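The values are calculated or read from the model by the stated rules, or taken from the named source; none is laboratory data. As the structure is a computational prediction, the values presented were derived from the model and not from experiment. Positions of Cβ are backbone-derived with ideal geometry, glycine not excepted, and every protein chain shown enters the neighbour counts. To get the accessible areas, we keep the full protein, side chains included, count just its heavy atoms, and leave off ligands, DNA and RNA. Shrake-Rupley method; radii C 1.70, N 1.55, O 1.52, S 1.80 Å.
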Amino acid sequence: MEAGEVGVRVFVLTDCPSPYQVELFNEIEAHGRCELEVAYLRGRDPDRQWTASTIRHESVILDADMPRACEASRRADLVVFNYYRHARAEQLIEERATSGSPWCFWGERPGLRQPAWAGRLLRKWKLSKLHRAPVPIWGIGKFAVDEYRREFGSRREYFNLPYFSDLQRFENADREERAERVFLFSGSLIERKGVDLLARAFVGLVSQRVNARLKIVGEGELRQSLEQTLATVRDRVEFAGFKDWNELPREYASADVLCVPSRYDGWGLVVPEGLASGLPVIGTDRMGAALEFIETGRNGWLIPAANEEALFAAMREAALMSQQDLAGLGRGARESVRAHTLENGAARFVNFAQEAIARWH
């Protein structure tokens with residue numbers, strides 16, 4: 001951009017300033033081709049214990065200053081809605097759609113959290129303006145793009161804009177060779193993440209005299225039941241508790257294989273994080289990031305979701321393979337996310353924004 005030239009003005013409405021969102025928006029701001037302002041519906045997610053991230057872009061919390069957000073939305077060349085299930089979000093969508101000015105929707109794959117018919121009815125009601133107007137949809141990964149195309153039809157353009165985070169911080173993690181194979185889980189200890197399946201599969205693995213350990217990073221409602229399930233192999237299990245954003249590289253470095261057995265996940269940031277750390281990843285076919293990156297035999301195992309037998313088989317193969325073969329998968333893991341950088345994510349965001357504005361006019 002030439003000196004003195006003003007970039008496109010983009011206003012984004014999203015949920016809360018989570019570390020990965022803040023990282024991406026900070027990078028977009030630093031990119032210099034976009035005048036960005038972000039409205040966060042709330043200042044923090046009470047279910048997350050993250051330390052607050054440093055925000056280096058223009059931002060506003062809707063609960064504190066809705067008039068400012070409305071003004072920023074009106075002034076923007078493009079408004080990107082990353083959230084819709086909130087009264088204030090609906091208000092801003094209504095106003096933007098009525099204005100006739102460019103806007104788009106950016107979201108994870110729909111229909112994962114509830115029965116398909118119920119989710120479709122809710123979205124038809126809450127996103128009625130999106131259904132009626134052929135505005136672009138930015139899907140968070142190909143997993144989302146394909147489903148939005150099925151639900152909203154071909155009368156609009158679709159773009160693949162997944163979540164990005166700073167993967168460079170995982171690349172230099174030193175990993176020691178160990179006599180036992182260490183499996184890592186990192187995430188909320190809830191049913192959706194499939195950690196109960198992992199616990200049972202690990203018990204089965206140890207019962208076959210496989211030399212393995214399990215490290216569980218995170219907290220959640222299943223903690224007590226997991227301890228009960230793993231009681232017979234407790235000497236081979238470590239509950240590490242919650243770890244903050246900046247502590248994760250060290251946790252990945254302490255393991256050999258990352259297990260992400262989610263029953264469903266719109267994206268799943270732990271997948272590219274694990275791959276960037278050089279960990280082969282066991283992920284499921286109901287996760288955006290796993291479908292985007294994991295290739296069985298190259299950098300991990302892509303297995304059917306909610307399938308304990310498939311999870312056990314993948315873990316057993318990972319536990320019994322040679323160090324040389326595991327290292328080969330680790331090299332494939334790093335290579336598979338080499339281009340998934342914050343810089344590329346910011347460039348993709350700005351390019352999509354410019355294209356949406358140009359095509360609108």
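Key figures for this structure:
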{"read-out": "R0 of 51 Å, Cβ-Cβ distance Glu157-Arg234: FRET efficiency to nearest 0.05", "value": "0.45"}
{"read-out": "Label-point gap, in nm, between Asp65 and Ser101 - each point 7 angstrom along Cα→Cβ", "value": "1.8 nm"}
{"read-out": "Cα gyration tensor shape for segment 290-361, rounded if a/c is under 1.5, else prolate or oblate", "value": "oblate"}
{"read-out": "Length added when fully stretched, Arg42-Glu343, from 0.36 nm per residue minus Cα-Cα", "value": "105.7 nm"}
{"read-out": "Most positive-pole-ward Cα, Ser336, Ile282, Phe293, against dipole of segment 264-342 from beta carbon charges", "value": "Ser336"}
{"read-out": "Spin-label model distance (nm) - Glu309 vs Arg169, 7 Å beyond Cα toward Cβ", "value": "4.1 nm"}
{"read-out": "Sequence ranges 48-56, 304-312, 99-107, ranked by mean other-Cβ count within 10 angstrom, highest first", "value": "99-107, 304-312, 48-56"}
{"read-out": "Relative packing of 213-221, 241-249, which averages over residues the other C-beta atoms within 10 Å, highest first", "value": "213-221, 241-249"}
{"read-out": "Which of Ala69, Phe143, Tyr40, positive extreme of dipole for the chain (C-beta unit charges)", "value": "Phe143"}
{"read-out": "Ranking by accessible area, most exposed first, for Glu335, Glu251, Glu227 with a 1.4 Å probe", "value": "Glu335, Glu227, Glu251"}
{"read-out": "Distance between segment 256-277 and segment 305-349 - C-alpha centres, whole angstrom", "value": "8 Å"}
{"read-out": "Distribution of pairwise C-alpha distances over segment 221-361, 5 Å bins, in %", "value": "2, 9, 15, 18, 20, 15, 8, 5, 4, 2, 1, 1, 0, 0"}
{"read-out": "Computed over the chain, Kirkwood Rh from alpha-carbon pairs, angstrom", "value": "21.5 Å"}
{"read-out": "Lys193 accessible area, 1.4 Å probe, all protein chains in place, Å² to nearest 10", "value": "30 Å²"}
{"read-out": "Formal net charge of residues neighbouring Ala52 (Cβ-Cβ distance under 12 Å; K, R +1; D, E -1)", "value": "0"}
{"read-out": "Magnitude of the charge dipole, the chain, Cβ model with Lys/Arg +1 and Asp/Glu -1, debye to 20", "value": "1080 debye"}
{"read-out": "For segment 130-179: rounded, prolate or oblate by the Cα gyration tensor [a/c cutoff 1.5]", "value": "prolate"}
{"read-out": "Cα gyration tensor category, rounded, prolate or oblate, for segment 286-328 with a/c compared to 1.5", "value": "oblate"}
